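Asker: What follows is a single structure, and I will ask about it in a moment.
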Amino acid sequence: MPSTTPRPAPKASNGALAAARRIEKELVDTRRTIHARPELGFEEKETCKLVTQRLAGMGLKPRVIAGTGVTALIESKTPGKVLMLRADMDALPIVEETGLPFASKNPGKMHACGHDFHTSILLGTARLLVADPPAKGTIKFNFQPAEEGLHGATGMIDAGIMTKPAVDTAFGYHIWQGIPVGRVGVVSGPAMAAVDKFTITIHGVGGHAAYPHQTVDPVVIASQVVTALQSISSRSINPLDSVVVTVASIHGGTAFNIIPPSVEMRGTVRSFSKSVRKEVPKRMAAIVKQLSSAMGGRGELNYVNEDPALVNDPKLAEFFRGVVRDVVGPKALIDAEPSMGGEDMAFYQEKVPGCYIFVGSSPKGTMYPHHHPKFNPDEGVLPIATAVMTEAARRWLAAN
Ligand SMILES: [Zn+2]
Ligand SMILES: [Zn+2]
């Protein structure tokens with residue numbers, strides 16, 4: 001039955017996408033320039049210089065912080081809230097195999113996560129917001145170094161990115177393989193997992209492989225420990241909570257006829273809730289210690305908390321859904337699933353409410369995932385992400 005309720009007229013926001021499409025060539029050129037010169041975490045000297053020069057060229061006053069990070073402000077005359085827009089800029093230690101004309105010229109380094117896109121998108125967003133600034137409030141740009149495991153976000157926080165002026169809200173984005181280009185995923189609540197890492201050392205007594213009774217074999221103990229660790233997710237944690245316990249590397253021994261004195265294992269734990277994050281290392285320590293000693297050896301666990309879980313504010317997630325519908329189209333929006341991957345944007349969103357969205361970049365043909373040597377996302381994501389971030393910034397500052 002047709003609804004009799006009059007529908008509100010759609011907000012005329014497609015202007016943001018049209019404006020982003022007008023600078024599409026610049027977005028592509030910038031992405032390719034950065035792609036050809038990938039730099040690892042805290043080494044982003046050329047990228048930092050490019051970002052600084054571009055922002056200065058727009059009439060902004062960029063400032064280098066945290067070594068290779070860059071920040072700049074757009075302040076309107078009417079005071080209001082401070083919104084931080086963040087992009088990461090670092091590359092990965094991967095040998096590129098795309099064969100693209102703009103492939104990496106820095107041997108052994110590659111933009112294989114899409115941070116070249118992120119930097120170009122935020123520069124494009126700055127260009128559109130300078131051309132048509134928000135009516136009130138302040139935009140703070142955060143071009144962050146070293147997202148890939150080196151805590152660039154905490155570097156930026158220590159350098160004062162959240163203060164002077166104090167940030168009220170933070171928005172960020174990742175281009176996303178697995179979501180087709182033209183679509184955008186928004187997750188409400190926990191969106192990316194807390195990342196922890198561990199090293200387990202099993203000490204035994206080495207000896208001749210033909211006389212195991214004269215040794216304490218750490219390989220056999222390690223095998224039991226790996227299996228027992230899998231019981232944490234299946235038997236210790238509420239099945240309704242998500243958790244991953246992965247032993248990703250195991251090393252011991254040098255020859256077919258020697259029982260080694262020790263075995264070392266390394267791996268990662270991913271979780272969303274704080275209580276799970278607390279419980280897992282307790283269970284791991286008990287298994288490693290007690291199982292090893294029951295078998296005559298000694299087990300040690302070294303457990304390190306890395307990034308916290310990235311949690312999207314539900315109201316801001318709803319806000320972004322509206323922006324995506326209006327800017328890209330009603331069919332563009334995807335209720336994306338949370339990811340067990342980590343993201344150091346979480347450090348900012350621990351301090352202020354924020355939202356981090358996934359902008360689809362999967363090309364039509366073969367899709368290579370993030371961190372793959374043939375990673376080659378669809379550049380059609382560039383104007384879409386730029387338009388969404390620009391409109392979100394304008395709309396949020398106008399409404400708050
Ligand atoms: Zn990555
Ligand atoms: Zn990334």
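Asker: Against the longest alpha carbon principal axis of the chain, how many degrees, from 0 to 90 and to the nearest 10, is the axis of helix 115-131 turned?
Answerer: Taking the Cα atoms of the chain, the angle to 115-131 is about 20 degrees.
Asker: Give me the 1.4 Å probe accessible area per residue for the range 287-400, excluding ligands and nucleic acids, in Å².
Answerer: That works out to 42 Å² per residue.
Asker: For the range 325-334, in order, what is each residue's ³J(HN,Hα) by Karplus, 6.51 cos²θ - 1.76 cosθ + 1.60 with θ = phi - 60°, in whole Hz (x at glycine and Pro)?
Answerer: Rounded to whole hertz, the list is 4, 6, 7, 9, x, x, 7, 6, 6, 10.
Asker: From zero outward in steps of 20 Å, how is the percent of C-alpha pairs of the chain spread across the bins?
Answerer: Whole-percent P(r) values from 0 Å outward: 25, 49, 21, 4, 0.
Asker: Something else now. Expressed as a whole percent, how much of the Cα-Cα distance distribution for the range 231-384 exceeds 24 Å?
Answerer: 55 percent
Asker: Could you tell me how far the Cα centroid of the range 156-203 sits from the Cα centroid of the range 300-367, in Å?
Answerer: Using only Cα atoms to place each centre, the spacing works out to 7 Å.
Asker: Compute the relative contact order of the chain as a whole-number percentage, counting only Cα pairs closer than 8 Å that sit 6 or more residues apart in sequence.
Answerer: It comes to 24 percent, rounded to a whole number.
Asker: Does the range 6-106 come out rounded, prolate or oblate by the C-alpha gyration tensor, with a ≥ b ≥ c the root eigenvalues, rounded set by a/c under 1.5 and, if not, prolate when a/b is larger than b/c and oblate if not?
Answerer: Judged from the Cα gyration tensor, the range 6-106 comes out oblate (a/c at least 1.5, b/c at or above a/b).
Asker: Ok, one more. Measure off, as a whole percent, the carbon and sulfur share of the 1.4 Å-probe accessible area of the range 43-90, all protein chains present.
Answerer: Carbon and sulfur: 52 percent of the exposed surface of the range 43-90.
Asker: Still on this structure, I have one more. Would you mind telling me the share, in percent, of accessible area of the range 259-381 contributed by carbon and sulfur at probe 1.4 angstrom?
Answerer: 52 percent
Asker: Also, I was wondering about something else. Treating the beta-carbon of each Lys and Arg as +1 and of each Asp and Glu as -1, no other charges, what is the dipole magnitude of the range 1-148 about its Cα centre, to the nearest 20 debye?
Answerer: Here the size comes out at about 840 debye.
Asker: Can I ask one more? Quick query: amide H of residue 170 versus all other amide H atoms, modeled in the peptide plane; which residues come in under 5 Å with a sequence gap of 5 or more or a different chain?
Answerer: Amide H neighbours of residue 170: 84, 354, 355.
Asker: For the range 262-400, what is the charge dipole size about the Cα centre, in debye to the nearest 20, if Lys and Arg each add +1 at the Cβ and Asp and Glu each add -1 at the Cβ?
Answerer: For this selection, approximately 380 debye.
Asker: Between the helical axis of 45-57 and the dominant principal axis of the chain, each derived from Cα atoms, what acute angle in degrees is found, rounded to the nearest 10?
Answerer: Taking the Cα atoms of the chain, the angle to 45-57 is about 20 degrees.
Asker: Considering only the chain, what is the antiparallel percent among its DSSP beta bridges, to the nearest 5?
Answerer: Percentage antiparallel, nearest 5: 65.
Asker: Something else about it: ³J(HN,Hα) across the range 254-266 via Karplus (A = 6.51, B = -1.76, C = 1.60, θ = phi - 60°), whole Hz, x for Gly/Pro?
Answerer: 10, 8, 6, 10, 10, 7, x, x, 8, 9, 10, 10, 10
Asker: Probe of 1.4 angstrom, ligands and nucleic acids ignored: what's the accessible area per residue over the range 41-95, in square angstrom?
Answerer: Value returned for the range 41-95: 48 Å² of accessible area per residue.
Asker: Quick one: Karplus J couplings for the range 145-158, per residue in order, coefficients 6.51, -1.76, 1.60, θ = phi - 60°, nearest Hz, x for Gly and Pro?
Answerer: Values, residue by residue: x, 6, 6, 6, x, 10, 6, x, 5, 5, x, 5, 5, 4 Hz.
Asker: Convex hull over the Cα atoms of the range 174-254, averaged projected area in nm²?
Answerer: 9.1 nm²
Asker: If you take the charge dipole of the chain about its Cα centre, with +1 on Lys and Arg Cβ and -1 on Asp and Glu Cβ, which of 94, 205, 256 is farthest toward its positive end?
Answerer: 94
Asker: Using DSSP to call loops (not H, G, I, E or B), can you name the GluC sites (Glu not before Pro) in the range 41-145 whose Cβ has at most 10 other Cβ atoms within 10 angstrom?
Answerer: For GluC sites (Glu not before Pro) across the range 41-145 that sit outside H, G, I, E and B with at most 10 neighbouring Cβ atoms in 10 Å, the list is empty.
Asker: Ok, one more. Roll a 1.4 Å probe over the protein heavy atoms and report the accessible area of residue 130 in Å², nearest 10.
Answerer: Near enough 50 Å² of accessible area.
Asker: Please list, or write none, the lysines whose alpha carbon is within less than 26 Å of the alpha carbon of residue 77, excluding same-chain residues fewer than 8 places away.
Answerer: Straight-line reach from residue 77, under 26 Å: 11, 61, 136, 140, 164.
Asker: Add -39500 (n - 2.57) for each DSSP H run of 4 or more in the chain, then divide by its residues: what number comes out at 222 nm, to the nearest 500 deg cm²/dmol?
Answerer: -10500 deg cm²/dmol
Asker: Among 42, 398, 348, whose Cα lies farthest out toward the positive end of the dipole of the chain, if unit charges sit on the beta carbon of Lys, Arg (+1) and Asp, Glu (-1)?
Answerer: Of the candidates, 398 comes out farthest on the positive side.
Asker: If the cut-off is a Cα-Cα distance under 24 Å, which lysines reach residue 105, setting aside same-chain residues fewer than 8 apart in sequence?
Answerer: Correct list for residue 105: 25, 45, 49, 374.
Asker: Let me ask another. Would you compute the Debye intensity of the range 84-142 from its alpha-carbon atoms alone, equal scatterers and no solvent, and pass along log10 I(q)/I(0) at q = 0.29 Å⁻¹ to two decimals?
Answerer: Log-scaled intensity ratios, in q order: -1.17.
Asker: Using amide H atoms built in the peptide plane, which far-off residues or other-chain residues are under 5 Å from residue 60 H to H?
Answerer: It is none; the list stays empty.
Asker: Where Lys and Arg each count +1 and Asp and Glu each count -1, what net charge lies around residue 118 among other residues with Cβ under 11 Å from its Cβ?
Answerer: Value of the local net charge: -2.
Asker: Taking one equal scatterer on every alpha-carbon of the range 125-261, how large is log10 of I(q)/I(0) by Debye at q = 0.15 1/Å?
Answerer: Evaluating at q = 0.15 Å⁻¹ gives log10 I(q)/I(0) of -1.01.
Asker: Taking amide H positions as placed in the peptide plane 1.01 Å from N, state which residues far from residue 272 in sequence (5 or more) or on other chains have amide H under 5 Å from it.
Answerer: Under 5 Å from the amide H of residue 272 lie the amide H atoms of 194, 242, each far enough along the sequence or on another chain.
Asker: Report the longest stretch of the chain that contains none of the trypsin sites (Lys or Arg not before Pro) sitting in a DSSP loop with at most 12 other Cβ atoms within 10 Å.
Answerer: Maximal segment without exposed cleavage sites: 106-330.
Asker: How high is the relative contact order of the range 17-115, given as a whole-number percent (alpha carbon pairs under 8 Å, six or more residues apart)?
Answerer: Value for the range 17-115: 32 percent.
Asker: Expressed as an acute angle from 0 to 90° and rounded to the nearest 10, what is the orientation of the C-alpha long axis of helix 218-231 relative to the principal long axis of the chain?
Answerer: Its long axis makes an angle of about 50 degrees.
Asker: Defining a contact as two alpha carbons under 8 Å apart and six or more residues distant in sequence, what relative contact order in percent does the range 44-100 show?
Answerer: Here the relative contact order equals 27 percent.
Asker: Magnitude of the Cβ-charge dipole of the chain, K/R +1 and D/E -1, about the Cα centre, nearest 20 debye?
Answerer: Rounded to the nearest 20 debye, it is 1040 debye.
The values are calculated or read from the model by the stated rules, or taken from the named source; none is laboratory data. Only a predicted model underlies this, so the values are computations on that prediction, with no experimental measurement involved. A quick note on method: Cβ atoms are made from the backbone with ideal geometry, for glycine too, and the neighbour counts reach across all protein chains shown. Protein only, heavy atoms only, side chains kept; ligands, DNA and RNA dropped before computing areas. Shrake-Rupley method; radii C 1.70, N 1.55, O 1.52, S 1.80 Å.
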